[in-house]
1. Name every residue in the range 469-484 that is modelled with pLDDT of 90 or more and either crowded, with 19+ Cβ neighbours inside 10 Å or of a type in the set (D, E) (or both), in order of residue number.
2. May I ask you to list the residues in the range 115-135 that are among the aliphatic types (A, V, I, L, M), closer than 16 Å to Q62 by Cβ and either in a strand (DSSP E or B) or outside the structural domain of L25 (by TED's automatic domain parsing) (or both)?
3. Of the conditions (1) modelled with pLDDT of 90 or more; (2) touching a strand residue (DSSP E or B) at 6+ places or on another chain (Cβ under 8 Å), L731 clears all except one; give me its number.
4. Cβ-Cβ below 9 Å, separation at least six or inter-chain, first residue in the range 10-36 and assigned by TED's automatic domain parsing to the domain that holds M164, second polar (S, T, N, Q) and in a helix (DSSP H, G or I): which pairs?
5. Looking only at the range 184-193, filter to residues that are modelled with pLDDT of 85 or more and not charged (D, E, K, R); which one of those is surrounded by the most Cβ atoms within 10 Å (Cβ to Cβ)?
6. Given S268, S364, S345, which one is modelled with pLDDT under 90 and crowded, with 18+ Cβ neighbours inside 10 Å?
7. Could you list all residues from the range 364-393 that are at negative phi, within 35 Å of the chain's Cα centre (by Cα) and small (G, A, S)?
8. What are the residue pairs meeting all of these: first residue in the range 137-165, first residue closer than 19 Å to G89 by Cα, second residue surrounded by fewer than 13 Cβ atoms within 10 Å (Cβ to Cβ), Cβ atoms under 9 Å, and 6 or more apart or on different chains?
Amino acid sequence: MDTDTANADTSGKIERGRLEALSNLWIAGTAAEPRFDTIAHLAAQLFDAPMAFITLVEKDMQRFKALHGISVPDIARSLSVCTHTIKSGETLVINDMLEDPRFSGNPLVTGSPYIRFYAGTPLTTAEGFRIGALCIADTVPRSDFNEHQKTTLKLLGALVMEQMRLRRAEIIRSTVMNFSDATELAFFAIDAAGRIEFVNRAALNLFGYRQDEMVGQLIDIIIPDRFRGAHHAGLARVLAGGTTKLIGKTVEVVARKRDQTEVPIEISLSLWNDERGVGMGAVIRDITDRRERDARLLRMANQDTLTGLNNRHRFENLLQDVLSEKRAATVALIDLDGFKDVNDSLGHAVGDALLQAVAVRLPSVLAANVSVARFGGDKFAILLPGDRSAHEAMRAIDAALSAFEAPFDVGGNVLQLAASIGIALAPQHGADAEELLASADFALYRAKQAGGGTMMMFEPEMRSASLARRATQDELLRALKNGELVLYYQPQVSLEDGHILGVEALIRWRHPRLGLLYPTDFLPAVESSSLALPVGWWVLREACRQAAEWRAIGLPLIKVNVNLFAAQYRAGTLVQHVISALADHKLPPSALGLEVTETIALLNDDNAFAAVHRLRDLGVGIAFDDFGTGFASLSSLQRFPLTTLKIDRSFISEMTENPHDAAITRAMLMMSAELGLETIAEGIETEEQERALRRLGCKAGQGYRYGRALPPDQTAVLLAIGIAGQPARQLN
């Protein structure tokens, strides 16, 4: 690239940035405003100039935002003196316009208002873009405009920019106020004394007060008497600089109305500091009509739906709370020996009943301060707080083995079970929940290798399994470089008529030795390593490339959905990668969907959350994958910028036989509809499941009934047919 071309590219970038900066101030093309007229008048007075004006230089026009002592229309940028001012970057002084060949023929010089003297300072944004100028002018030449006057004019220019920033902030504030009164959510702002400073219309309607009856009153007026002691203590602690675990979370409490009746509410608190000290905000929703449904979903967020025990998410939170306080603890993972045989021989109903029986018996043989959880399948977990030696821990956990000494009587079947247990101690075997659970899992693996019915304490050499995982990671790095990774695509269809709405991109590994490997064979190694980013970005770009190729040959314009790794969500470059992939392949945002697990959605990362919010606003679909498995709470659903919920296959597989699963599926569909989200049911395999979902109002689904994941060429054939189902099964 030669020097002229390089300079042109640089100038083009600066001009684009300048115009974007002007646009971001929301001021271009607006009418005159007193605040700017006052500054123009002040400039004229300070410099004893008959004319002063504030200009904004757009792409092709110079517009006057303020005029004093002059009345002229907006002019073409080519005639604008201020264009020269913003190019110079400094205060531009022209003592006699007639003597300057650049301006001697300008209509504003040769005709009315006959400008001879000009001084202008650029209006510069905080990012350094010059968007216009503050100018003074005279009808006679001047030769005495000194450095002090230039500095004064520059300060006035800075004042103009400050007013522009204030103006933009006021527009935002006004928009927020209008929004706050339009929303059905109740908003409160509370000062450091606990007095109400602001309420919106929804808050007044909810609690039955007039505005003058609430503003200035203590927040106590909506707190029932029995809760005020705890509220005062917590508020005092926070306002004194302390912390509360409630900030940023959504909780359910009871509030009191003006007529003294109580109402269940959902409340989310926020905290800030300003020049007046600490302030607190609350967003409140009346949950009277949905309390029962929400209670069920909240239990799903923390409880295993089958057994009622803590789920993995809840258990990990409890464990992390212990570890963050530097307290010692013992963790045990329990795997039921022979459970698969029970499921295979007697059916899932008996298997579920057996798991429920284990869930009742386990806590009964352990101490009261022990937490028990089901991690899924036939795996359970135990958390014992307190400092113990390895011998003491083994003796305490031995009680869990005693729970399996007596047989279980389930539905007339007498079943004798054994259990394998892996144990790890904190902090010796892990400083955080993930490491400690991994250590317990290593020990569990050894216990099962030993034949089951026993327990093992973690020992460092058990981590040899991690070496095997590292070997897999090394192979995956080579696979990525050698093009061994490929994408298969599974159709997502309308349950009404079977036509294909989109596809989900699923990764496969064409291993040179082992053949085609499925995600379960290698994704755990990817997710736990630095490979998550390069593999994740490859999947994104390859899915976009394939979607563009299908479109180019005239196939239907369907959406391609891509699964995200947690590392991509946290990377800070998600928006750039998505926009780049779409642009490179000339795809609209609506052609792409991103699927995130509920675990990813619970990551407390404001920047990552903002990135997903921006992608959703651009038109990219955002879906919760495997919803209902117990990780997400209602607050995460409300906060996370979703477009779609995907109901986990575990609820679909038994819904026609299990009323419990059917009820949960119905609740999730109702909730999704109320939140304005699309819903896709996963794992549909039978016509009966499809009919049941249609009756519940589900619009879309995917599963083996409509086709397995196929390579791109076979997917193209399926897209050409346009209807999934029998044709897809024939392709398989």
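1. Kept after step one, since they are modelled with pLDDT of 90 or more, are these residues of the range 469-484: 475-484.
Residues satisfying the conditions are E475, L476, A479, E484.
2. First, the residues of the range 115-135 that are among the aliphatic types (A, V, I, L, M): 115, 119, 123, 126, 131, 133-134.
Those left that are additionally closer than 16 Å to Q62 by Cβ: 115, 123, 131, 133-134.
The answer is L123, I131, A133, L134.
3. The single condition L731 does not satisfy is (1).
4. Filtered contacts from the range 10-36: E33/Q163; R35/Q163; F36/Q163.
5. Checking each candidate, the answer is A186.
6. Details: S364 fails: crowded, with 18+ Cβ neighbours inside 10 Å; S345 fails: crowded, with 18+ Cβ neighbours inside 10 Å.
That would be S268, the only listed residue that is modelled with pLDDT under 90 and crowded, with 18+ Cβ neighbours inside 10 Å.
7. So the first thing to find is which residues in the range 364-393 are at negative phi, and the list is 364-375, 378-385, 387-393.
Filter once more, so that each one left must be within 35 Å of the chain's Cα centre (by Cα): 370-375, 378-385.
Matches in the range 364-393: S371, A373, A381.
8. From residues that are closer than 19 Å to G89 by Cα, the pairs are K150/E90; K154/E90; M161/A126.
The values are calculated or read from the model by the stated rules, or taken from the named source; none is laboratory data. The structure displayed is predicted, hence computed values, not measured ones. Positions of Cβ are backbone-derived with ideal geometry, glycine not excepted, and every protein chain shown enters the neighbour counts.
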